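The values are calculated or read from the model by the stated rules, or taken from the named source; none is laboratory data. Treat the numbers as computed from the prediction; the structure is a model and nothing was measured. Positions of Cβ are backbone-derived with ideal geometry, glycine not excepted, and every protein chain shown enters the neighbour counts.
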Amino acid sequence: MIPWGASIQLQWRNGRTRQEHRLWLWVPLFAIWLVLLPMVLILFPLVALGCVFVRVDAVELYGTAWRILSSLRHTLVDVRNDAMRVRVSVA
């Protein structure tokens, strides 16, 4: 199953006052998938036709792309330094 949402957490410190600020955002990935769906439906046969010309198995190509998108679930990216922390969690 492809991921449906992601949460982004930002945490930073103000240098002068030493205050800590936090911001949490939820990004609905299903809206992005809905916007990309018409483009995918148009490009689907064109990519299959291109696979015939370069002698690549189109079914294997689409299967691999689906497995890559499905494996994005439960991905956690955490980047931090002394002043800021960014955490992206794909659900």
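Below is a table of values for the structure above.
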| quantity | calculated |
| --- | --- |
| Which listed residue, of Asp57, Asp78, is closer than 30 Å to Asn14 by Cβ and out of contact with any Leu (no Cβ under 9 Å at 6 or more places or on another chain) | Asp78 |
| Check on Val52, free of Cβ contacts under 8 Å to residues at least 24 places away in the same chain, among the hydrophobic types (A, V, I, L, M, F, W, C) and assigned to a helix (DSSP H, G or I) | yes |
| Cross-chain or 6+ apart pairs with Cβ under 7 Å, region 69-89 first and touching a residue at least 60 places away in the same chain (Cβ under 8 Å), then charged (D, E, K, R) and surrounded by 12 or more Cβ atoms within 10 Å (Cβ to Cβ) | Ala83/Arg13 |
| Failed item, numbered, when Gly15 is tested on (1) within 22 Å of the chain's Cα centre (by Cα); (2) at pLDDT below 85 | (1) |
| Pairs, first closer than 17 Å to Thr75 by Cβ in region 23-43, second aromatic (Phe, Trp, Tyr), C-beta under 9 Å, six or more apart | Pro28/Trp4; Leu29/Trp4; Phe30/Trp4; Trp33/Trp4 |
| Output for region 62-79, where each listed residue is surrounded by 11 or more Cβ atoms within 10 Å (Cβ to Cβ) and closer than 20 Å to Arg22 by Cβ | Val77 |
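To keep it simple, each residue is scored yes or no on (1) of a type outside the set (Lys, Arg); (2) touching a helix residue (DSSP H, G or I) at 6+ places or on another chain (Cβ under 7 Å); (3) modelled with pLDDT of 90 or more.
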site	(1), (2), (3)
Trp33	yes, no, no
Cys51	yes, yes, yes
Val56	yes, no, yes
Val59	yes, no, yes
Thr64	yes, no, yes
Asn81	yes, no, no
Ala91	yes, no, no
